[in-house]
Every structure is written in C-alpha cells, then in structure tokens.
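What follows is a single structure, written as structure tokens, with notes after it.
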Amino acid sequence: MHTLNKNRPLRRIVLASAATVSGMVLLLSLKPHTTPAVAGLASSPAPSSGSGVSGGTGGSAATGTRTLTGDSVQTRWGPVQVRVTLTNGKLTDVTAVTYPQDNPRDQQINSYAIPQLTREALTAQSADIDTVSGATYTSDGYRQSLQSALDSASG
C-alpha cells in the first residue's frame, strides 16, 4: 500500500483538514453576483443632504417645459444629484449635476455609469431603473435624486 495511507494516518488527517479549510476559505471569499433588478430592490434609501428643488422654467406639471433639480444624495464615494427636464409631462432629459469624480477610478466608473443611467431613466420615464454593475453607490444616489426631482414635479 501507499505509505501515506498505511503508516501515517495523522498526516492524512492533517492534509484532508487543510484541504477542507482551504476550500471553505475560497468559497467564503466569493462575492455573489446579483442581478440589477435584485440589487435595486435590496437598496434602502439613504438620507439625503438635500439641496432641495429648483423651480421650473414655465408651465404646469402637465404642459410646457420644466427643469427640476433633485435632492443631493450623499453616497459612500460622494454626493450624487440630477436635474431633469420635463416637456408636457414627459421626461425628455436627465443630467447628472454632481457625482463622484475626485479620483481616476471614480472618473472611470462614472464615465460609463452616468450615460447608462441616463438612457435607462429616459427609456423607463421614471426612477425605476436598474443598478449599473460596478457603480452601485452612484446608481442608488442617481435613482434617489431622480425620484426626488420627479416627486417635486408631481407635487
């Protein structure tokens, strides 16, 4: 028989235990992938450090063109704030006024996240948009600021 099996059972136990521990460490270090819809539902609204809402450029909620600025939402990496333009009650433009861009990594992430969030908002015509993978905090802040701007338009 093989020397590992017959003569040294303690060595076999130690190796099996080490392999098990290594496997558990690898499994526990994996981060689960969540779909954008699930990530959006799991987020809880963060308190906003509100700059409030700026007024429109004429008309009522249903007619004309109005520009509204949402609350500034403080995220882990910095504030996020959006400005929306509503024309005849339809969302026609969303602009990120403030978003994290203090370092090259923030700039890299938000250079693809902000346009994607804007496209989704215009397509959805609401703040019910998916989280951009890799930009969760910006996505959550964007969504909350967008919702506050839309809420102020209807109220």
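The values are calculated or read from the model by the stated rules, or taken from the named source; none is laboratory data. As the structure is a prediction and not an experimental result, all values here were calculated from the model. Cβ: placed from backbone, ideal geometry, glycine included. Neighbour counts: every protein chain shown. SASA here: full protein model, heavy atoms, side chains in, ligands and nucleic acids out. Shrake-Rupley method; radii C 1.70, N 1.55, O 1.52, S 1.80 Å.
Being modelled with pLDDT under 50, more than 13 Å from Gln147 (Cα to Cα) and touching a Ser or Thr at 6+ places or on another chain (Cβ under 6 Å) is true for just one of Ser60, Ser54. Which residue is that?
Values: Ser60 fails: touching a Ser or Thr at 6+ places or on another chain (Cβ under 6 Å).
Answer to the check: Ser54.
Is at least one residue of the stretch 74-91 surrounded by fewer than 17 Cβ atoms within 10 Å (Cβ to Cβ), outside any loop (DSSP other than H, G, I, E, B), of a type in the set (Lys, Arg) and without any contact (Cβ under 8 Å) to a residue 12 or more places away in the chain?
no
Residue check, Gln101 against (1) without any contact (Cβ under 8 Å) to a residue 24 or more places away in the chain; (2) under 25 Å from Ala153 (Cβ atoms); (3) open to solvent by 20 Å² or more (accessible area, probe 1.4 Å); (4) not in a helix (DSSP H, G or I), all met but one. Which one?
Failed condition: (2).
Can you tell me which residue within the stretch 117-137, out of those that are without any contact (Cβ under 8 Å) to a residue 24 or more places away in the chain and open to solvent by less than 50 Å² (accessible area, probe 1.4 Å), is nearest to the chain's Cα centre (by Cα)?
Ala127
Tell me which of these Leu150 doesn't satisfy, since it passes every other one: (1) within 12 Å of the chain's Cα centre (by Cα); (2) surrounded by 15 or more Cβ atoms within 10 Å (Cβ to Cβ).
Of (1) within 12 Å of the chain's Cα centre (by Cα); (2) surrounded by 15 or more Cβ atoms within 10 Å (Cβ to Cβ), only one is false for Leu150: (1).
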